[in-house]
Amino acid sequence: MELPRGMKDFEYQENANIEHIRSHFKKLSDLYGFSFMDPSPIELLSILETKSGPAIRDEIYYFKDKGDREVALRFDFTVGLTRYASMQKSMRLPAKISAFGGVFRYDEPQKGRYRYFHQWDVEIYGKPGLESDAEIIELTSRLFDSLLLKNITIDINHRNLVESFINQIFDSKDTVLVSDMLRAIDKIQKKSKQDILNEFKDRYDEGKLEKILEFSQIKGNILEVESKIDTTNLESWDELKQLFSSLENRGVANIRINFGIVRGLDYYSGMVFEVFDKNSKLGALAGGGRYDSLTKAFGRDDIGAAGVAGGVERIMLTMQEQGIIAETKQKRISVLYINEDMQKVAMSIASLLRLNNISTDIDLSGKNLKKQIEQASESKYCIIVAPKELEQSKVVLRNMQDGTEIQIEIEKLTDDPKSILNLEML
C-alpha cells in the first residue's frame with residue numbers, strides 16, 4: 001500500500017494551505033488583468049523538447065499512449081501556455097495569462113519539492129518591453145506581500161549581460177562554453193568556489209573561471225554595483241538599470257541586482273529574477289524572466305514572452321517557518337439531537353441551514369448527546385433538538401465558547417436562519 005517514490009497524499013490542512021495561496025494568487029491575477037486558465041496536463045513529448053531537447057526526458061514523466069504517441073506530463077506551465085498562445089493567431093496582444101495547479105518532475109525528491117507539486121504562474125505575450133517585465137516582477141512582489149511573508153528579496157539580472165561578460169573573459173562565443181559557465185554560476189549558490197573550480201579545471205582556464213565566479217558574487221542597488229565593477233562595457237546594463245528604476249517607480253522596494261542569478265532553463269533570453277526569503281535556506285520561492293526564444297521556437301517571431309512561476313509547497317514551508325498560519329477553520333454550526341425521535345427534525349434543520357449556505361455539521365450514526373457535543377467542540381454554536389423544547393416549537397442554541405444557552409423558535413430559525421444566527425453571533 002505504498003505510493004511511488006516522490007509522490008504524496010495532500011491531507012486536509014495542507015490542501016487548505018494550498019487553497020489559501022491559490023485564493024490570494026487568483027485574486028491578484030484578476031486585479032492585474034490576467035486571464036486564468038488551466039493548460040492541458042499532458043503534452044506531446046516533442047512540444048516539451050522544443051527548447052530543451054531530448055535531455056529533458058531525464059527530468060520528466062513521459063510514455064507512449066495507446067495510440068503509440070510519445071506524450072509527457074507537464075513539468076511547468078510556461079511551455080504549455082506558450083504553446084497555447086502561439087496557436088492563437090488572432091489573440092489580442094498583449095495577452096496576459098495565469099495558471100495554478102499541479103506539475104510533475106522526475107527529479108530527486110527534496111524538502112518542499114516532491115515529484116508532483118503545485119505551481120502558480122503568470123505570463124505576458126506580446127511586443128517585448130520593459131514595462132511587461134516590470135509588471136511580472138511587481139505582481140510577484142505583491143503576492144508575497146499579500147501572503148504576509150517577510151524578509152523577501154527579489155534578485156534581478158539579465159542573461160545577455162552575463163553571457164556577454166563570459167564572452168569577453170574567454171574571448172569566445174562558443175555555446176558549450178557559455179552553457180558550462182552559466183551552470184558554474186548557478187552552482188555557486190549551492191556549492192563552494194573550490195568545488196566548482198575542481199569540477200571545471202580540466203576544461204577551462206582556472207584564472208578566467210575565477211573571474212566569472214567573482215563576477216557572479218556582485219550584488220546590490222545600481223550605485224553599489226557600479227562601485228564594484230566597470231559597467232560601461234557590460235551589454236544590457238542600461239536595460240537592467242531601466243528595469244530597476246521602473247520597479248522603484250512602481251513602489252517595489254525589495255529588489256536587488258544580483259549577477260549570480262541566471263536561471264537554469266535554456267529558453268531565457270533577457271531579464272531573469274528569483275525570489276528568496278533571505279533568512280531561509282529553502283532556496284528560490286519563485287523565479288522567471290523573459291524568454292522570447294521560446295515563442296520563436298513555436299514559430300511566432302512576432303511575439304515575445306515574459307513570465308514567472310512560484311513553488312506553492314516551498315511558500316507553505318516558508319509561511320510555517322515565519323509562523324504565518326492560514327485561517328482554515330470556518331465558523332460552523334452543529335445540529336445535535338437528544339434521541340432518535342429528535343433525529344428527523346434535526347436532519348431537516350441541518351438541511352435547511354445548508355440550503356442557506358451556512359456550514360453545518362450533524363452526526364449521521366446515532367451517537368449519544370455527549371459524543372455529539374464532543375464532536376461539535378470546534379463549532380461556534382450548536383442547535384440542540386430536545387423533546388421539551390420541541391413541544392413548544394423551540395430549539396436550544398448553545399454558545400460553544402462560553403457554554404451559555406438560549407431558546408429560539410423554530411419558525412424564526414427556518415424563516416431567516418442567517419439573520420437569527422448572525423444576530424446571535426454578534
When every residue in the range 124-172 that is of a type in the set (Ser, Thr, Tyr) and assigned to a helix (DSSP H, G or I) is compared, the one farthest from Asn17 (Cα to Cα) is Ser164
Q. Is at least one residue of the range 402-414 modelled with pLDDT of 90 or more, part of a strand (DSSP E or B) and out of contact with any Lys or Arg (no Cβ under 8 Å at 6 or more places or on another chain)?
A. yes
In the range 206-223, anything in contact (Cβ under 8 Å) with a residue 24 or more places away in the chain and open to solvent by 70 Å² or more (accessible area, probe 1.4 Å) is listed as Lys208, Lys211, Gln217
- Within the bounds of the range 28-37, is there any residue that is without any contact (Cβ under 8 Å) to a residue 40 or more places away in the chain, exposed (fewer than 11 other Cβ atoms within 10 Å of the Cβ) and not polar (S, T, N, Q)? no
Exactly one of Gly299, Gly366 is open to solvent by 20 Å² or more (accessible area, probe 1.4 Å), touching a residue at least 40 places away in the same chain (Cβ under 8 Å) and part of a loop (DSSP other than H, G, I, E, B), and that residue is Gly299
Inside the range 65-91, the number of residues satisfying the requirement of being without any contact (Cβ under 8 Å) to a residue 24 or more places away in the chain, farther than 16 Å from Ala305 by Cα and out of contact with any strand residue (DSSP E or B) (no Cβ under 6 Å at 6 or more places or on another chain) is 4
Next item on the list: Could you please let me know if Asp155 is touching an Asp or Glu at 6+ places or on another chain (Cβ under 6 Å), crowded, with 17+ Cβ neighbours inside 10 Å and at pLDDT 95 or above?
Entry: yes
Within the range 54-78, of all residues that are small (Gly, Ala, Ser) and not in a strand (DSSP E or B), the one modelled with the highest pLDDT is Gly67
Reported set for the range 323-363 where residues are of a type in the set (A, V, I, L, M, F, W, C), in a helix (DSSP H, G or I) and open to solvent by less than 80 Å² (accessible area, probe 1.4 Å) is Met342, Val345, Ala346, Met347, Ile349, Ala350, Leu352, Leu353
Among residues of the range 227-254 being aliphatic (A, V, I, L, M) and more than 24 Å from the chain's Cα centre (by Cα), the residue nearest to Ser141 (Cα to Cα) is Leu240
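The values are calculated or read from the model by the stated rules, or taken from the named source; none is laboratory data. Everything numeric in this text was worked out from a predicted model, so none of it was measured. A quick note on method: Cβ atoms are made from the backbone with ideal geometry, for glycine too, and the neighbour counts reach across all protein chains shown. Please note that ligands, DNA and RNA were not included when accessible areas were found on the heavy atoms of the full protein model with its side chains. Shrake-Rupley method; radii C 1.70, N 1.55, O 1.52, S 1.80 Å.
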